[in-house]
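> Following this message is one structure expressed as structure tokens.
The values are calculated or read from the model by the stated rules, or taken from the named source; none is laboratory data. A quick note: this is a predicted structure, and the numbers were derived from the prediction, not measured. Ideal geometry is used to build each Cβ from the backbone, glycine not excepted, and the neighbour counts take in all protein chains shown.
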Amino acid sequence: MQRADSDAVTDAASAAAPGVEGTAAARVNLLGLPRAELEALCVSLGSRPFRGRQLMGWLYKRGCDRFEEMTDLAREFRAALAEGAEVRLPSILTVQHASDGTTKWLLAAGDSQAFEMVYIPEVDRGTLCISSQVGCALDCAFCSTAQQGFNRNLSTAEMVGQVWLANRELGFKAGGERIITNVVLMGMGEPLANFRNVVAALQILLDDLAFDLSRRRVTLSTSGLVPQIYRLARYSNVALAVSLHAPDDALRSQLVPINRVHPIAELLEACWHYIDERNGRSVTFEYVMLEGVNDAPEQARAVARLLRGHPAKVNLIPFNPFPGSHFRRSSDEVIVRFRDELNDGGIIATIRRPRGLDIDAACGQLVGRVHDRTIVRLGRKMAAAHAGSRGVQTTI
Ligand code: SAH
């Protein structure tokens, strides 16, 4: 099991996160509590720590969200739980099924905000793609979520709740075969900009008393928040994916504005540190294929030069269009040529097959419902603050 350092990631905030249904705000949402905090809660309710572990079994192994069904817990303890705690799940607003078997759910975040999660079945695995924020402030030029702006972080309970809910929706039965074998934090939002809640959610995904996923089957994707990658190395060891998308700073700064604060060389240093410290495998660099922008063979060779000799793989993502986007997807031939150039350059590269396109569920197409955008989008903010200046402060 992955344990965080003791000062790490209490999630009291997630239980009372703003915008989470207000009716029972005084009750603690058990889905937001990693093991140690669940044990502490049990003690605070007059019981013993091991009750916390028992509760985890009910919540995650058996998918039970009703205290009255937890029959091996003493009646008085169940009453205390009902008084002070609850299992509060995001509610489902809509469900869409794509022709390729992909399913997308729109989930309520209170205040008429909403976020999305996507289940992608494959022959040998079932991947759930979860969101970490309502909207996103990072403002990547080719991403539909970025167009929505940012409203708020999701709580730990809302992230864990996505996996819990998807299991129930997909018909998971206690003791039965896993339906969700992999979880990727690649939905709406920048996970490392919601650090504390995300790390607590990762703990619960990996805990053998909870979802018990291997760290190799949980992937966090980041646009490149360098300080938070170093911090992540202190608290987690899940697989890391990084949105590279360009071989040089000039182009990457246009496509991924955070590059103006943390350029490629710094980003790569942070990635190698993460692998050395915690993960031991390799970083997957995501690279969206944009016609005529970043897809030339010379650019592939430049990417290979950046990554050669390091623990790195490249995943090429054909651009998924959305209304108002001015980019075009590279042709299949160009994508295959790009991959071959990388392979010839000594870098393992794969092409991600778009899934759920007919329901706008593919990478970069998740929009949810984002109102009251409280933070100015990063690209615009930095343009206003003289783009390119290294001294720019972000709110992230
Ligand atoms: N905020 C995280 C997770 C984003 S979604 C991050 O930036 O990594 C996962 C991947 O999809 C990222 O690499 C992202 O850059 C990519 N992506 C975003 N919009 C896309 C689009 N329209 N088409 C294809 N991939 C896209």
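> I need a count of the residues in region 225-246 that are within 15 Å of the ligand (Cβ to nearest atom), surrounded by fewer than 23 Cβ atoms within 10 Å (Cβ to Cβ) and not hydrophobic (A, V, I, L, M, F, W, C).
1
> Among the residues of region 80-102, which ones are free of Cβ contacts under 8 Å to residues at least 24 places away in the same chain and either of a type in the set (Val, Ile, Thr) or at positive phi (or both)?
Once the filter is applied, which keeps residues that are free of Cβ contacts under 8 Å to residues at least 24 places away in the same chain and either of a type in the set (Val, Ile, Thr) or at positive phi (or both), region 80-102 yields 94, 101.
> Any residue at all in region 173-190 that is under 20 Å from residue 364 (Cα atoms), more than 16 Å from the ligand (Cβ to nearest atom) and surrounded by fewer than 24 Cβ atoms within 10 Å (Cβ to Cβ)?
no
> Inspect all residues belonging to region 153-168 and state whether any of them is within 11 Å of the ligand (Cβ to nearest atom), outside any loop (DSSP other than H, G, I, E, B) and either at pLDDT 95 or above or within 13 Å of the chain's Cα centre (by Cα) (or both).
No, because not a single residue in region 153-168 is within 11 Å of the ligand (Cβ to nearest atom), outside any loop (DSSP other than H, G, I, E, B) and either at pLDDT 95 or above or within 13 Å of the chain's Cα centre (by Cα) (or both).
> Turning to a different aspect of this structure: From (1) over 24 Å from residue 135 (Cα atoms); (2) at pLDDT 90 or above, pick out the condition that doesn't hold for residue 386.
Residue 386 satisfies every listed condition except (2).
> While we're on this one: Among the residues of region 37-81, which ones are assigned to a helix (DSSP H, G or I) and aliphatic (A, V, I, L, M)?
38, 40, 41, 43, 55, 56, 59, 79, 80, 81
> Continuing with the same structure: Could you list, in sequence order, the residues of region 101-133 that are acidic (Asp, Glu) and over 22 Å from residue 185 (Cβ atoms)?
Passing the criteria: only 111.
> What's the total number of residues in region 324-342 that are among the polar types (S, T, N, Q) and surrounded by 15 or more Cβ atoms within 10 Å (Cβ to Cβ)?
2
> Search region 327-347 for residues that are closer than 13 Å to residue 289 by Cβ and in contact (Cβ under 8 Å) with a residue 12 or more places away in the chain and pair each with any residue that is among the acidic types (Asp, Glu) and buried (at least 19 other Cβ atoms within 10 Å of the Cβ) when their beta-carbon atoms are under 9 Å apart and the residues are at least 6 apart or on different chains.
330/295; 331/295; 334/295; 335/295; 337/295; 338/295
> Go through the residues of region 136-149 one by one and say whether even a single one is buried (at least 24 other Cβ atoms within 10 Å of the Cβ), more than 14 Å from the ligand (Cβ to nearest atom) and of a type outside the set (A, V, I, L, M, F, W, C).
No, region 136-149 has no match at all.
> Still on this structure: Can you name every residue in region 307-323 that is surrounded by fewer than 18 Cβ atoms within 10 Å (Cβ to Cβ) and in contact with a helix residue (DSSP H, G or I) (Cβ under 7 Å, 6 or more places away or on another chain)?
Matches in region 307-323: 310, 311.
> Looking at region 250-369, what strands (runs of 3 or more DSSP E) fall wholly within it and have at least 2 residues that are within 22 Å of the chain's Cα centre (by Cα), within 11 Å of the ligand (Cβ to nearest atom) and of a type in the set (Ser, Thr, Tyr)?
In region 250-369, the matching strands (runs of 3 or more DSSP E) lie at 283-289.
> Within region 149-186, count every residue that is out of contact with any Cys (no Cβ under 7 Å at 6 or more places or on another chain) and closer than 18 Å to residue 118 by Cβ.
23
> Looking only at region 191-224, count how many residues are among the polar types (S, T, N, Q), part of a loop (DSSP other than H, G, I, E, B) and away from the ligand (no atom under 16 Å from the Cβ).
1
> Can you tell me which residue in region 106-124 is nearest to residue 368 (Cα to Cα), limited to those that are of a type outside the set (A, V, I, L, M, F, W, C) and assigned to a loop (DSSP other than H, G, I, E, B)?
113
> Looking at 291, 277, 266, 298, can you tell me which residue is surrounded by fewer than 18 Cβ atoms within 10 Å (Cβ to Cβ), without any contact (Cβ under 8 Å) to a residue 12 or more places away in the chain and not small (Gly, Ala, Ser)?
Sole residue among the options that is surrounded by fewer than 18 Cβ atoms within 10 Å (Cβ to Cβ), without any contact (Cβ under 8 Å) to a residue 12 or more places away in the chain and not small (Gly, Ala, Ser): 298.
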